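The values are calculated or read from the model by the stated rules, or taken from the named source; none is laboratory data. Everything quoted here is computed from the prediction, not taken from an experiment. Note that we place each Cβ from the backbone using ideal geometry, even for glycine, and neighbour counts take in every protein chain shown. Side chains included, ligands, DNA and RNA excluded: accessible areas come from the protein's heavy atoms. Shrake-Rupley method; radii C 1.70, N 1.55, O 1.52, S 1.80 Å.
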Amino acid sequence: MSGVARRTVVAAAGGTGLVAALAACGGGGTNDKGDGATGGSDGGASGGTDEGGPTPEPATLARTADIPVGGGKILADKGLVITQPKAGEFKAFSSKCTHAGCAVSSVADGVIVCPCHQSHFDVSDGSVKSGPAGSPLPPTPIQVVGDAISLG
């Protein structure tokens with residue numbers, strides 16, 4: 001192989017690697033508006049699957065009617081607790097107590113209760129109402145569409 005041909009092959013391989021690296025990194029950034037939305041490399045189309053069909057709806061975690069006002073529902077298999085602090089307002093938090101990692105066991109009268117050491121958390125923001133927990137339950141984004149609650 002001549003010196004020119006070898007350089008051409010090396011340059012082409014390096015360029016291919018750079019294109020692949022940029023393509024891999026391109027889908028995870030924010031747009032130029034700074035609103036956190038991500039862009040894709042699908043030639044301008046959005047909201048579809050690889051087959052061109054619509055994006056599947058997020059899985060429903062619960063129905064709004066399942067979440068009592070001032071209380072909530074624990075989804076142990078998802079590691080979540082969904083609450084309704086006021087009528088029509090829904091929140092979700094990790095169901096893992098921030099004190100010792102126990103799973104919370106009940107939600108009623110405005111508090112989420114951990115059975116291990118009796119930490120109580122506020123249903124509206126996950127903050128500690130009584131310890132020994134020192135940190136709030138981490139929030140989990142959800143969305144409500146109609147009567148369906150799903151991860152947001």
Residues of segment 58-84 classified as within 15 Å of Asp122 (Cβ to Cβ) and of a type in the set (A, V, I, L, M, F, W, C), total: 3
Those residues of segment 36-77 which are open to solvent by 60 Å² or more (accessible area, probe 1.4 Å), modelled with pLDDT of 95 or more and of a type in the set (A, V, I, L, M, F, W, C), in sequence order: Ala65, Val69, Ala76
Filter pass, Gly131 being surrounded by fewer than 19 Cβ atoms within 10 Å (Cβ to Cβ) and at pLDDT 95 or above: no
Scan of segment 78-112 for residues that are of a type in the set (A, V, I, L, M, F, W, C) and open to solvent by less than 20 Å² (accessible area, probe 1.4 Å), ordered by number: Leu80, Val81, Ile82, Ala92, Phe93, Cys97, Val104, Ile112
